[in-house]
Number of protein chains: 2
Amino acid sequence: MGLDLSPLELQLVRRTPLFSGLSPEALSDLMAGAAVQNAPAGNCLFTQGEPAEAIFVVLNGWIKLYRITTGGTEAVIEIFTRGQSFAEAAAFAGATYPVSCEAVTEARLLRISARHLFDRIRRSPDIGLTMLASTSKQLRLFVRQIEALKAQTGAQRIAEFLLELAHCETGSCTVELPYDKALIAARLGMKPESLSRAFNRLKDHGVEVKQRQAEIASVEALRDFAERERADIMKAHGADD
Amino acid sequence: MGLDLSPLELQLVRRTPLFSGLSPEALSDLMAGAAVQNAPAGNCLFTQGEPAEAIFVVLNGWIKLYRITTGGTEAVIEIFTRGQSFAEAAAFAGATYPVSCEAVTEARLLRISARHLFDRIRRSPDIGLTMLASTSKQLRLFVRQIEALKAQTGAQRIAEFLLELAHCETGSCTVELPYDKALIAARLGMKPESLSRAFNRLKDHGVEVKQRQAEIASVEALRDFAERERADIMKAHGADD
DNA sequence: GCACAGTCTTGAGTTTGGTCAAGGCTCGCC
DNA sequence: GGCGAGCCTTGACCAAACTCAAGACTGTGC
């Protein structure tokens, strides 16, 4: 079919957690209900409350999911990039998106019809199982986010955020900050000013931030800081490091 | 089979969102892999990191899901009661529970083997679809929780919590508080002391708390307060009603 | 180089929520 | 009734984070 996917992009799709377990036939079967969608920066893909008619895979660029309270406050729920799928759960629930979605940067997406997907699952249960695994993973991430918001300070949340981006398990390591600070702040549930101050606090724990990069002196030490309970921090402020 | 379920309980199970869409055959098929489990208050059902070998339906009592940081802080993620299922998502993900679970009160549960469930889904995809819908609903709840933690004050979170418990859409209404204040506080991400103070703040918005009951004078007014953005609250404090 | 816009940081003052400690309230038990 | 245990509330104090506002830094265009 006239799917405008480069071979590289096709491979990207095949590797997403959502599809990685599927046979080539099942995959191309699913692709029959798919279309490529290009979105300029700031473009809105869907709005909370809208019927969930599709799931998406990011081919390029950055996408944010957020909620707007009636008052107008925006809470960024999640941010996705190349190779990640989203809205798969929404497509099944009460049939409306629980969040709004917009492109942060210029973006390229694969859009798969929910109805089509639904049909395929009925035919081959394995697709359903893969999707269950995928939404479960999403759920797990949310659990961690809720925990972080409840039990950690801002600085600790950043530490954890950096650790997720760092590939190395031990020693020192440099992390590229993926999007701008205002967005990172929103994702972590704070204001840009607080993020700035929290980064400063991390300097005492071996994190150097310059431009769009963060240098972690010791991954172990940072992990230690991220996981330390509040009480310890309080006690430590008299005799720090 | 020797499933020790009363007819009432069986009906309860049939009505859970997780199973409500299933045919009687599919349901009794699933029940073949189920067992009833009784847990005294404080009993631990599973621990985070443990392989997720079962999903649960609460027949009676209160169950809490929580996470313990390495430091020892506890973050309550969710609380379930009669007629609700949980851990369905965990049973599929990376095969370990992302949270710990314990009975808050004495509790009675239906425990369904994950492996068994897995088999059934392969045979009848509809079970998979129901489960997808169910985990999606869970995901949606988490999204709202994340939003609440990021964008609302403690008082607003309680207001929303009360509104969820209130069945009436408008006018005045009395809500029974389901579990003790310490647990409510944990669920909402704050300390009991803060909960107490936040309840006081709600008095200005027509909420009267006595014993285990909360009286809401006007559901609309409360909703208005819950959804008001922070900025408005600040401005209002000089000229409060 | 200089002005400008955008982004990020800093500073001062305020609010929220956590901590610790003390005091009420309720309920069961003797 | 009196006592004590548990739970909830209050008060004083403090730290974290938000707001508003100003300043620094970066990169662009002239």
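Evaluate the relative contact order of the stretch B:47-143 (contact order divided by residue number), counting alpha-carbon pairs under 8 angstrom at least 6 apart; express in whole percent.
36
Report, in debye and to the nearest 20, how large the dipole of the stretch A:1-95 comes out about its Cα centre when Lys and Arg carry +1 and Asp and Glu carry -1 on their Cβ.
So the magnitude is around 260 debye.
Normalised by the residues of chain B, what does the relative contact order come to in percent, with Cα pairs under 8 Å and at least six apart? Before the final figure, lay out each step's value.
Numbers: 383 pairs, mean separation 45.3, N = 241.
Relative contact order comes out at 19 percent.
Checking the cross-link filter: which lysines have an alpha carbon closer than 17 Å to that of B:LYS203, excluding same-chain neighbours under 8 positions apart?
B:LYS181
If I take R0 = 45 Å and measure r between the Cβ atoms of B:ARG212 and B:THR96 in this structure, what FRET efficiency does the formula 1/(1 + (r/R0)^6) give, to the nearest 0.05?
Approximately 0.80, to the nearest 0.05.
With a 10 Å Cβ neighbour count serving as the proxy for reagent exposure, in which order, fewest first, do B:ILE68, B:ILE127 appear?
By the 10 Å Cβ count, ascending, the order reads B:ILE68, B:ILE127.
Could you list A:GLU53, B:GLU176 so that the one with the fewest beta carbons within 10 Å of its beta carbon is first and the one with the most is last?
Neighbour counts put them in this order, fewest first: B:GLU176, A:GLU53.
Please check which bits of the stretch B:14-31 a label hung off B:ARG123 would reach, taking the label as a point 7 Å along Cα-to-C-beta and the cut-off as backbone N under 11 Å.
B:25-31
Tell me the mean residue ellipticity at 222 nm calculated for the protein assembly as shown from its helices only (DSSP H runs of n ≥ 4, each -39500 (n - 2.57), averaged over every residue, nearest 500).
-13000 deg cm²/dmol
When you look at the Cβ of every residue in B:116-125, what mean number of other chain Cβ atoms sits within 10 Å?
Values: counts 0, 0, 2, 0, 1, 5, 5, 1, 2, 10.
Mean shielding count: 3.
Per residue of A:145-156, how many C-beta atoms from partner chains lie within 10 Å of its own C-beta, taken as a mean?
6
Using +1 on the beta carbon of Lys and Arg, -1 on that of Asp and Glu, and nothing else charged, what's the dipole of the stretch A:154-240 about the Cα centre, debye to 20?
Roughly 420 debye for the stretch A:154-240.
Along Cα-to-Cβ, 7 Å out, sits the label point; list in nm, shortest first, how far the one on B:ALA217 is from those in the other copies.
Values, ascending and in nm: 5.7.
Each residue of the stretch B:167-183 in order: what ³J(HN,Hα) in whole Hz does its phi give by Karplus 6.51 cos²θ - 1.76 cosθ + 1.60, θ = phi - 60°, with x for Gly and Pro?
7, 6, 8, 9, x, 9, 5, 10, 10, 8, 6, x, 9, 6, 4, 4, 6
How long are the semi-axes of the ellipsoid equivalent to the stretch A:7-142, from square roots of 5 times the Cα gyration tensor eigenvalues, in whole Å, largest first?
Taking √(5λ) for each eigenvalue gives 24, 17, 13 Å, largest first.
Report, in debye and to the nearest 20, how large the dipole of the protein assembly as shown comes out about its Cα centre when Lys and Arg carry +1 and Asp and Glu carry -1 on their Cβ.
I would put it at about 120 debye.
Tell me the net charge near A:LEU117. Cut-off is 14 Å between Cβ atoms, A:LEU117 excluded, with +1 for each Lys or Arg and -1 for each Asp or Glu.
Once positives and negatives cancel, what remains is 0.
Taking each pair of different alpha-carbon atoms in the stretch B:154-240 once, compute 1/r for the pair, average those values, and report the inverse of that mean as the Kirkwood hydrodynamic radius in Å to one decimal.
About 13.1 Å for the stretch B:154-240.
Positive end of the dipole of the stretch B:7-142, charges at C-beta (+1 Lys, Arg; -1 Asp, Glu), about the Cα centre: which of B:SER136, B:LEU109, B:SER85 has its Cα farthest in that direction?
B:SER136
From the phi angles alone, apply the Karplus equation (6.51, -1.76, 1.60; θ = phi - 60°) to the stretch A:104-112 and give each ³J(HN,Hα) in whole Hz, x where the residue is Gly or Pro.
7, 10, 4, 9, 10, 10, 9, 10, 10
Within a 10 angstrom radius of each residue's Cβ in A:81-91, how many Cβ atoms of other chains show up on average? Whole number is fine.
Mean shielding count: 2.
Can you work out D for the protein assembly as shown in µm² s⁻¹ from Stokes-Einstein, where Rh is the Kirkwood radius over C-alpha pairs, the temperature is 10 °C and the viscosity is 1.306 mPa s?
Estimated diffusion coefficient is 66 µm²/s.
Mind jotting down the distance between the C-alpha centroids of the stretch B:23-86 and the stretch A:110-140, whole Å?
25
Of all GluC sites (Glu not before Pro) in the stretch B:80-147, which ones are in loop regions per DSSP and have a Cβ with at most 14 other Cβ atoms within 10 Å?
B:GLU106
With the dipole of the protein assembly as shown worked out from charges on the C-beta (+1 for Lys and Arg, -1 for Asp and Glu) around the Cα centre, which of A:GLY206, B:ILE127, A:LEU222 lies farthest toward the positive end?
B:ILE127
Kirkwood-based Rg over Rh for chain B (C-alpha set), two decimals?
1.02
Given a 10 angstrom Cα cut-off, can you work out which residue in B:ALA52, B:ALA32, B:ALA185 is the most mobile in a GNM of chain B?
Maximum among the listed residues: B:ALA32.
Each value in this text was obtained by applying a stated rule to the coordinates, not by laboratory testing. Predicted model only: the values in this text are computed from it and were never measured. A quick note on method: Cβ atoms are made from the backbone with ideal geometry, for glycine too, and the neighbour counts reach across all protein chains shown.
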